[in-house]
1. With unit charges on the beta carbon (Lys/Arg positive, Asp/Glu negative), name the residue among Leu57, Ile28, Ile68 whose Cα is farthest towards the positive pole of the charge dipole of the chain.
2. Scanning the chain for GluC sites (Glu not before Pro) in DSSP loops with at most 15 other Cβ atoms within 10 Å, what's the longest stretch left with none?
3. Compute the long axis of helix 40-51 from its Cα atoms, compare it with the longest principal axis of the Cα atoms of the chain, and write down the angle in degrees, 0 to 90, nearest 10.
4. Give me the percent of Cα-Cα pairs in the chain that sit more than 18 Å apart, rounded to a whole number.
5. About its Cα centre, what dipole magnitude does the range 1-63 give when the only charges are +1 on Lys and Arg Cβ and -1 on Asp and Glu Cβ, stated in debye to the nearest 20?
6. Working out 0.36 nm times the residue gap between Glu31 and Leu7, then minus their Cα-Cα distance, what length gain in nm do you get to one decimal?
7. Over the chain, what percent of the accessible surface lies on carbon and sulfur atoms, probe 1.4 Å?
8. Compute a Gaussian network model of the chain, connecting alpha carbons closer than 10 Å, and tell me which residue from Pro22, Pro71, Pro53 fluctuates the most.
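The values are calculated or read from the model by the stated rules, or taken from the named source; none is laboratory data. Since we're looking at a predicted model, the values are computed, not measured. Positions of Cβ are generated from backbone atoms using ideal geometry, with glycine treated the same way; all protein chains shown enter the neighbour counts. Accessible surface is based on the protein model in full, side chains and every heavy atom, while ligands, DNA and RNA are left aside. Shrake-Rupley method; radii C 1.70, N 1.55, O 1.52, S 1.80 Å.
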Amino acid sequence: MAFEQELEFFERNKENWLRTYPQKYAVIKGEAAIGFFDTLEEAYREGLNKFWPEAFLIKQVLEQEPVIMFPLLSMVPPRGGL
């Protein structure tokens, strides 16, 4: 799974980060938090500056993960398929 190490690191530290960095965006590479930022754009820019062209994880420090729902608009796929 992509970012398995980073996601496990995030979960291990989440409770502490909720107290110190609530709602901030964490930039994570391996088992290191590179920084915490107010906006996704700031986090992305820092990740690119430090790691490009390697992958890195950005995850917002939230108590509960948001649920994103995409309603089924039609039972028939659009012309040309999906």
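1. Ile68
2. Numbers: sites that count: Glu31, Glu54, Glu63.
The segment 1-30 is the longest one with no such site.
3. 70
4. Numbers: 1697 of 3321 pairs.
Pairs farther apart than 18 Å: 51 percent.
5. Working: 8 positive and 12 negative charges, 28 e Å.
It comes to approximately 140 debye.
6. Details: separation 24, 0.36 × 24 = 8.64 nm, distance 0.91 nm.
Working it through step by step, the gained length comes to 7.7 nm.
7. Values: 3620 of 6540 Å².
Accessible surface attributable to carbon and sulfur in the chain totals 55 percent.
8. Top of the fluctuation ranking is Pro71.
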